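Input: a single structure, listed below in structure tokens.
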Amino acid sequence: MLHPRLTDQNWWRSAVVYQIYPRSFADSNNDGTGDVRGMTDHLDYLEKLGVDAVWVSPWYPSPLHDGGYDVADYKDINPDFGTLADADEFIAQAHARGLRVLIDLVPNHCSSDHPLWQAALAAGPGSPEREMFIFRDGAGENGELPPNNWGAHFGGPAWHRVTEADGTPGQWYCHLFAPEQPDWNWENPRVADMFDDILRFWFDRGVDGFRIDVADAMFKHQEFPDARVDPATGLGTVSKYEGSPIWDMPAMEGLQRRWRTVADEYADSDLGPRVFVSEAYLPGNRRIKYLAEGRLHTSFNFELLESEWSAASMRVVIDQSLAEHATVGAPTTWVLNNHDNIRTVSRFGKDPSGLDFTRGRDRFDPHLGERLARATTDVELGRRRSRAAAMLMLALPGGAYVYQGEELGLEEVEDLPEESLQDPIWLRSNHTIRGRDGCRVPMPWSGTQPPFGFGQDAEPWLPMPAHWSELSVEAQGEDPGSVLELYRTLLDERRRNVALGEGPMEWDESPEQVLSFTRGDLFRCVVNYGPEPVPVADEVIVASADLLVEEDQVLLPQDAAVWLQLD
Ligand code: GLC
């Protein structure tokens, strides 16, 4: 019998989706690495938390050069994480609890362990096997130079030269990320056919949809011209300027329509048509093109994740996001945290805390990461602001994403020992940029000592801070003032209150450092960013911090938010 919540085919328009990073969620076999059974074991936790769906970051066989975003087999499970039978069980158990399941599709590149890549290397220049990937002869007299100036996302050139079977230096291949992630050649129809088959393979197993990794990358300009030079590296920039030969090419549209057709083939199945969420760090006006009729359903909206902690900046982001999405009739999503970015608890505890969107400058500041890495962190301040930010996000129209550990108020682990770092950014920047491991540290579940119930006693793949005993699920479940209890209350209210989720919102008049808006006639959210306390006149549903009481007046203090029930 289908869980009643799974009968709603419009679930994705307002869903709160919980991101599981499998390697770091729960380690059921005590080998230091999370696994699929660990995920299944904790579905009761997610049900109680009150989310609507889960998105599982890649769980496929992979040498983990990029944490699993280097896929060696799209139709199997990493043996360190479990088996296909475990995945089937996970999907069935999630559905039994009314939770939808999204998984990750990584279509731009695979792993250098993928059998088709190995075949391409062996087959040599001009072969159909090489046509599956992007091979080019080198420039220079003897082909000793890369075919063009493109830079790779994780540092260095986006081209790598292979050694041919006879031992001579050979052609170059394109990799927008690490060299262990060769890019597929999407001009070859066999690639598209193969991915249709991968989609159906998982849809047939009951997966409700896919998150599409780097959804703006697949097609490249076929003349392979140089990209604009990034003065910092001297290479072609990875930034997504309009007219870039690498990103957001017009051919994306045909592919999106093709995938949509595959997802719609399932319209008559119990679970209904399947859905997509695209990951594309593009300015909003370009990102929402992907959501036009007949293309994709939703797209991550990273504007809150990049915005600084200020009323003005967040208001710009909200207004702009809602206006842009309205033009295509698609719901927006909101994201504060994910496995690629510094956790908000640390970010909002730093100065600066992100981009000021009121200044209208390039929204994709490649130096943001480094500026944040250098600034000192006030974790308590950041946690206080993160609680308020969660209240803002979950009160806004549309859907939202919650990244594992966000609901515990985990901070970025900024002092991981260098020898433990695994992110390819660390390696490829010659150990100058630490990368993203600090937001990927395993989840603390219970107990007083690492690994805090993540596994039993095996050393986790990244070390866990000793003080996380206080932040474990067990510790917070006992504490009504904890971040976890706040998220549970918010998600419970969100499910109960018809004003929340999709639908309109209206701004109230408010002081400059305050955001206040209503949803319908009965619900209001107020966030106070400034030092001046704000009077609260209505009935409080939930507050992110203790309210002040002065001369019979209830006041909302700085860096706090409140949800109110109106008469
Ligand atoms: C996406 C993923 C990131 C990965 C990259 C390459 O941005 O979220 O983790 O490194 O794509 O696949």
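The values are calculated or read from the model by the stated rules, or taken from the named source; none is laboratory data. These numbers were taken from a predicted model, which means no experiment stands behind them. When we count neighbours, we look across all protein chains shown, and the Cβ atoms used for this are built from the backbone with ideal geometry, even at glycine. Just the protein is used for accessible areas: all its heavy atoms, side chains included, with ligands, DNA and RNA removed. Shrake-Rupley method; radii C 1.70, N 1.55, O 1.52, S 1.80 Å.
Residues checked against (1) outside any strand (DSSP E or B); (2) touching a residue at least 12 places away in the same chain (Cβ under 8 Å); (3) open to solvent by less than 30 Å² (accessible area, probe 1.4 Å):
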position: VAL162; (1), (2), (3): no, yes, yes
position: ALA165; (1), (2), (3): yes, yes, no
position: TYR173; (1), (2), (3): no, yes, yes
position: LEU176; (1), (2), (3): yes, yes, yes
position: PRO179; (1), (2), (3): yes, yes, yes
position: TRP186; (1), (2), (3): yes, yes, yes
position: ARG200; (1), (2), (3): yes, yes, no
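Considering every residue within the range 242-258, establish whether at least one is hydroxyl-bearing (Ser, Thr, Tyr) and either modelled with pLDDT under 95 or not in a loop (DSSP other than H, G, I, E, B) (or both). The answer is no, given that none of the residues of the range 242-258 is hydroxyl-bearing (Ser, Thr, Tyr) and either modelled with pLDDT under 95 or not in a loop (DSSP other than H, G, I, E, B) (or both). Looking across the range 2-60 at every residue that is of a type in the set (S, T, N, Q) and over 18 Å from the mean Cα position of the chain (by Cα), the one that is nearest to the ligand (Cβ to nearest atom) is identified as THR33.
Scan the range 459-507 residue by residue and report those that are hydrophobic (A, V, I, L, M, F, W, C), closer than 22 Å to ARG13 by Cβ, open to solvent by 20 Å² or more (accessible area, probe 1.4 Å) and touching a Pro at 6+ places or on another chain (Cβ under 9 Å). MET505, the sole residue that qualifies.
In the range 289-317, the residue that is nearest to GLY354 (Cα to Cα) out of those that are among the charged types (D, E, K, R) and part of a loop (DSSP other than H, G, I, E, B) is GLU308. Provide a single number: the residues in the range 367-399 that are farther than 28 Å from ALA323 by Cα, open to solvent by 10 Å² or more (accessible area, probe 1.4 Å) and hydrophobic (A, V, I, L, M, F, W, C). Of the residues in the range 367-399, 4 are farther than 28 Å from ALA323 by Cα, open to solvent by 10 Å² or more (accessible area, probe 1.4 Å) and hydrophobic (A, V, I, L, M, F, W, C). In the set (1) under 27 Å from ASN185 (Cα atoms); (2) more than 16 Å from the ligand (Cβ to nearest atom); (3) open to solvent by 20 Å² or more (accessible area, probe 1.4 Å); (4) assigned to a loop (DSSP other than H, G, I, E, B), the condition left unmet by THR261 is number (4).
Based on what the data block shows, is ALA323 on the phi < 0 side of the Ramachandran plot, in a helix (DSSP H, G or I) and open to solvent by 10 Å² or more (accessible area, probe 1.4 Å)? Criteria met by ALA323. Return the pair list, or none, for Cβ contacts closer than 6 Å from residues in the range 337-357 that are under 22 Å from VAL441 (Cα atoms) and within 16 Å of the ligand (Cβ to nearest atom) to residues that are in a helix (DSSP H, G or I) and among the charged types (D, E, K, R), at least 6 apart or on different chains. Note: pairs meeting the criteria are ASN337/GLU406. Scanning the range 400-444 for residues that are of a type in the set (Phe, Trp, Tyr) and surrounded by fewer than 24 Cβ atoms within 10 Å (Cβ to Cβ) returns a single hit, TRP426.
Within the set GLY151, GLY170, GLY143, GLY236, the sole residue that is touching a Gly at 6+ places or on another chain (Cβ under 9 Å), modelled with pLDDT of 95 or more and within 16 Å of the ligand (Cβ to nearest atom) turns out to be GLY151.
VAL441 passes every criterion in (1) modelled with pLDDT under 95; (2) within 16 Å of the ligand (Cβ to nearest atom); (3) part of a loop (DSSP other than H, G, I, E, B) apart from (1).
Pairing each residue of the range 68-85 that is among the hydrophobic types (A, V, I, L, M, F, W, C) with any residue that is within 16 Å of the ligand (Cβ to nearest atom) and not in a loop (DSSP other than H, G, I, E, B), provided the two are 6+ apart or on different chains, yields C-beta distances under 7 Å for PHE81/PRO22.
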